[in-house]
């Protein structure tokens with residue numbers, strides 16, 4: 001007998017809040033789906049990979065950006081989910097329709113936020129199993145407040161201060177992974193300064209814009225916008241040196257390397273042009289044109305400057321050298337880069353010899369199958385250490401090893417070696433100086449358009 005409208009996976013609809021215009025992220029949708037089916041999100045990712053005919057490990061679908069984009073492998077997860085659930089609009093919970101105009105690395109500040117998830121405490125406090133969701137807006141690392149309640153987003157438990165991993169199931173993610181206390185409470189409302197408040201507004205509207213798009217934005221729109229900026233620079237328009245240099249770098253990066261702007265770069269361009277990100281993508285020629293009135297005096301610096309990572313590079317270099325000299329088990333370089341907040345290619349360029357020595361030792365220490373188990377043991381050890389930062393890592397290495405063996409099937413000696421390596425890594429990563437972003441530029445030049453937003 002033919003059963004109409006039958007789907008292999010439950011046909012759960014993507015959730016949306018009409019009042020705030022927010023849409024559930026595909027990552028949270030996948031968490032709900034895995035909870036409904038009684039499986040882990042890792043197993044769900046494996047099912048979707050088999051459906052899409054894609055090889056690879058489950059590790060490639062463990063973070064929010066792996067499901068929402070603009071990373072390249074989000075697409076087959078999204079398409080397989082749409083096929084198996086019969087829900088054609090799941091793309092609205094991703095950055096699919098702007099993936100062609102937004103750099104792949106554009107949503108993360110690479111300061112660890114992607115691996116220490118953030119949430120709205122008020123949303124968790126008022127959670128309704130039938131309607132509540134975590135919105136796509138939470139993918140924006142620059143966002144300060146909840147788009148629904150306006151309270152500050154949080155990244156640590158208000159009771160014990162522990163950071164929360166993305167690797168938490170739908171049922172457990174609203175309780176602290178360390179002390180088990182609820183993460184939901186009334187939250188803190190604070191009047192933001194002018195520029196962070198403007199950033200929040202732009203990101204809220206951009207998130208709603210992305211979810212409402214029916215078709216992908218063509219890459220040619222960026223070409224038109226950059227061409228307009230290039231024309232202004234060549235015409236001799238009076239621009240502050242910092243802004244002129246920034247615009248020139250963006251134009252040249254696009255022309256020479258076909259680079260797409262990151263979200264931070266879009267924000268910088270919007271701040272100077274007095275527009276929205278959606279304006280750049282919808283009306284690129286008009287938005288890139290010169291101002292009717294001179295606004296150059298109000299912009300003495302680029303608002304969101306490139307993060308200073310010299311401290312991060314110094315610490316990861318010292319850590320790699322120590323691990324190569326003393327550790328019996330080396331963590332994968334990707335884990336180190338994530339913990340120290342730098343990209344692997346930057347480390348390779350900064351420490352070519354050390355990078356080669358470290359990578360050679362890592363590849364030689366075990367076979368591919370063993371490396372997978374070692375990586376899981378290292379990840380678990382890091383999770384345990386972060387949940388109990390107040391205790392001394394050296395004194396707790398045996399306890400860390402025991403907790404690792406409860407989750408990962410490895411020998412006691414190997415678990416202890418992993419605990420020692422992670423202790424060394426945390427010892428160096430905690431020395432990284434603060435990378436808090438300030439906005440030391442003249443806000444007077446923004447007054448004319450800021451009052452109208």
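The values are calculated or read from the model by the stated rules, or taken from the named source; none is laboratory data. From a predicted model like this one, the values you see are computed outputs, not experimental measurements. Every residue, glycine among them, receives a Cβ derived from its backbone with ideal geometry; neighbour counts consider all protein chains shown.
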Does at least one position in region 204-222 carry a residue that is free of Cβ contacts under 8 Å to residues at least 12 places away in the same chain and in a helix (DSSP H, G or I)?
yes
Residue 254, sole failed condition from (1) buried (at least 16 other Cβ atoms within 10 Å of the Cβ); (2) over 20 Å from residue 284 (Cα atoms)
(2)
Taking the residues in region 99-135 that are modelled with pLDDT of 95 or more and not in a loop (DSSP other than H, G, I, E, B) as candidates, determine which candidate is surrounded by the most Cβ atoms within 10 Å (Cβ to Cβ).
135
Which one is modelled with the lowest pLDDT among residues in region 380-398 that are in contact with a helix residue (DSSP H, G or I) (Cβ under 7 Å, 6 or more places away or on another chain) and buried (at least 17 other Cβ atoms within 10 Å of the Cβ)?
393
Within region 341-361, which residues are out of contact with any helix residue (DSSP H, G or I) (no Cβ under 8 Å at 6 or more places or on another chain) and modelled with pLDDT under 85?
345, 349
Within region 224-242, residues modelled with pLDDT of 75 or more and more than 14 Å from residue 280 (Cβ to Cβ) come out as 230, 231, 232, 233, 234, 235, 236, 237, 238, 239
Residues of region 233-246 being buried (at least 17 other Cβ atoms within 10 Å of the Cβ) and either touching a strand residue (DSSP E or B) at 6+ places or on another chain (Cβ under 7 Å) or closer than 16 Å to residue 288 by Cβ (or both), in sequence order, are 239, 243, 246
Log entry, pairs with first residue in region 148-163 being over 26 Å from residue 21 (Cα atoms) and assigned by TED's automatic domain parsing to the domain that holds residue 132, second being at pLDDT 95 or above and not in a loop (DSSP other than H, G, I, E, B), beta carbons closer than 8 Å, six or more apart or on different chains, reads 158/121
Looking only at region 12-26, filter to residues that are touching a helix residue (DSSP H, G or I) at 6+ places or on another chain (Cβ under 7 Å) and modelled with pLDDT of 95 or more; which one of those is surrounded by the fewest Cβ atoms within 10 Å (Cβ to Cβ)?
12
It is to be established whether one or more residues within region 196-217 are closer than 20 Å to residue 303 by Cα and in contact with a strand residue (DSSP E or B) (Cβ under 7 Å, 6 or more places away or on another chain).
yes
Just to verify a result, which residue in region 153-183, among those that are more than 18 Å from the chain's Cα centre (by Cα) and outside any loop (DSSP other than H, G, I, E, B), is farthest from residue 33 (Cα to Cα)?
182
